[in-house]
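Beneath this line is the structure, given in structure tokens, with notes to follow.
The values are calculated or read from the model by the stated rules, or taken from the named source; none is laboratory data. Everything quoted here is computed from the prediction, not taken from an experiment. Ideal geometry is used to build each Cβ from the backbone, glycine not excepted, and the neighbour counts take in all protein chains shown. Note: accessible area is taken over every heavy atom of the protein model, side chains too, but ligands, DNA and RNA are not part of it. Shrake-Rupley method; radii C 1.70, N 1.55, O 1.52, S 1.80 Å.
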Amino acid sequence: MHSLKSAIERLAAARAVERDAEARNVFLDFREQLTHGKIRAAEKINGEWRVNIWVKQGILLGFRIGELTETGAAAGLSFVDKDTFPARRFTIKDRVRLVPGGSSVREGAYVAPSVICMPPMFINVGAYVDEGTMVDSHALVGSCAQIGKRVHLSAAAQIGGVLEPVNATPVIIEDDVLVGGNCGVFEGTLVRARAVLGAGTILTRSTPLYDIVRGQMYRAAADKPLEVPENAVVVPGSRALKKGHAAEWGLSLYAPVIVKYRDEKTDQRIKLEEWLR
């Protein structure tokens with residue numbers, strides 16, 4: 001793996017690789033490792049998430065050397081995209097449930113056995129989707145997003161991607177998280193294990209998260225993303241603006257709020273997940 005890392009870093013720094021046969025061969029080997037989950041854009045080491053910058057450099061290399069190609073004609077469809085990132089084709093050996101209806105997963109995305117994909121949904125390059133996760137209808141798993149085990153990404157949930165800048169942390173959703181319908185998790189937000197995001201919750205680097213249980217407010221910092229605590233139950237809320245015209249007009253801003261921490265009652269409400277799977 002060290003030699004592959006060195007080759008990617010060298011080619012990423014080169015000025016002209018677009019027509020380089022070696023670059024394409026190295027990239028294809030890299031993409032194969034990425035697709036099978038042997039390398040990841042980010043990984044948890046000693047309890048801390050670390051970005052593998054060279055992996056993101058390899059993905060960007062694929063876009064540099066890729067050429068536009070037409071696909072889908074055999075199925076009566078028409079798509080035009082870089083030939084370095086075609087759609088994945090699953091077989092029964094992959095043990096991934098890909099339900100009919102217009103979903104797409106790019107090569108270079110890892111989808112573990114027992115993952116369920118409900119149509120239509122999209123998983124982008126560099127994403128890592130672990131065992132037992134359900135990606136529901138109209139959900140998006142963006143580039144390099146890291147999704148843990150037994151996660152439910154509900155209908156229309158948007159998990160943002162990140163390729164630039166290459167050292168930026170991707171969105172990370174840890175094990176046993178429930179992401180409600182129409183949620184949006186962006187800009188490297190880290191959602192710790194067993195958290196629940198209520199429908200319509202939006203989380204970004206500029207979004208302060210208010211914890212009314214512990215009396216704390218969580219923010220992203222220059223070197224740290226917004227982090228949702230383990231077991232937190234987050235719902236959409238608002239905070240009043242108390243100055244100037246905003247106060248005069250009675251305006252408020254959106255604010256995600258931790259209203260409780262996961263308990264037995266919460267678990268009973270979401271137990272249906274196990275039956276569906």
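Overview of values
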{"item": "12 Å beta-carbon shell around Pro119, net charge (K/R +1, D/E -1)", "result": "0"}
{"item": "Charge context of Val26, other residues only, Cβ under 13 angstrom, K/R +1, D/E -1", "result": "0"}
{"item": "Accessible area (Å², 1.4 Å probe, nearest 10) - His245", "result": "110 Å²"}
{"item": "Largest-first ordering by accessible area, 1.4 Å probe, given options Ile173, Ile45, Ile212", "result": "Ile212, Ile45, Ile173"}
{"item": "Lys pairs, the chain - Cα-Cα below 17 angstrom, 8 or more residues apart or on other chains", "result": "9"}
{"item": "Amide proton proximity set for Gly108, modelled H, under 5 Å, gap of 5+", "result": "Thr35"}
{"item": "For Glu131, solvent-accessible area (1.4 Å; no DNA, RNA or ligand), Å²", "result": "90 Å²"}
{"item": "Semi-axes of the equivalent ellipsoid for the chain, Cα gyration tensor, largest first, Å", "result": "35, 23, 18"}
{"item": "Probe 1.4 Å, all protein chains present, accessible-area order of Lys149, Lys44, largest first", "result": "Lys44, Lys149"}
{"item": "With DNA, RNA and ligands ignored, accessible area of Lys5 (1.4 Å probe; Å², nearest 10)", "result": "70 Å²"}
{"item": "For the range 10-20, 3J(HN,Hα) per residue [Karplus equation, 6.51 cos²θ - 1.76 cosθ + 1.60, θ = phi - 60°, Hz, x = Gly/Pro]", "result": "5, 5, 5, 7, 6, 7, 10, 10, 4, 10, 8"}
{"item": "Local electrostatic count at Arg219 - Lys and Arg +1, Asp and Glu -1, tallied over other residues with Cβ under 10 Å", "result": "+1"}
{"item": "Angle between the chain longest axis and helix 21-35 axis [Cα atoms, degrees, rounded to 10]", "result": "40 degrees"}
{"item": "Helix 53-65 axis, angle to the chain major axis (alpha carbon atoms, nearest 10°)", "result": "50 degrees"}
{"item": "Enclosed volume per residue, in Å³, of the convex hull spanned by Cα atoms of the range 70-206", "result": "106 Å³"}
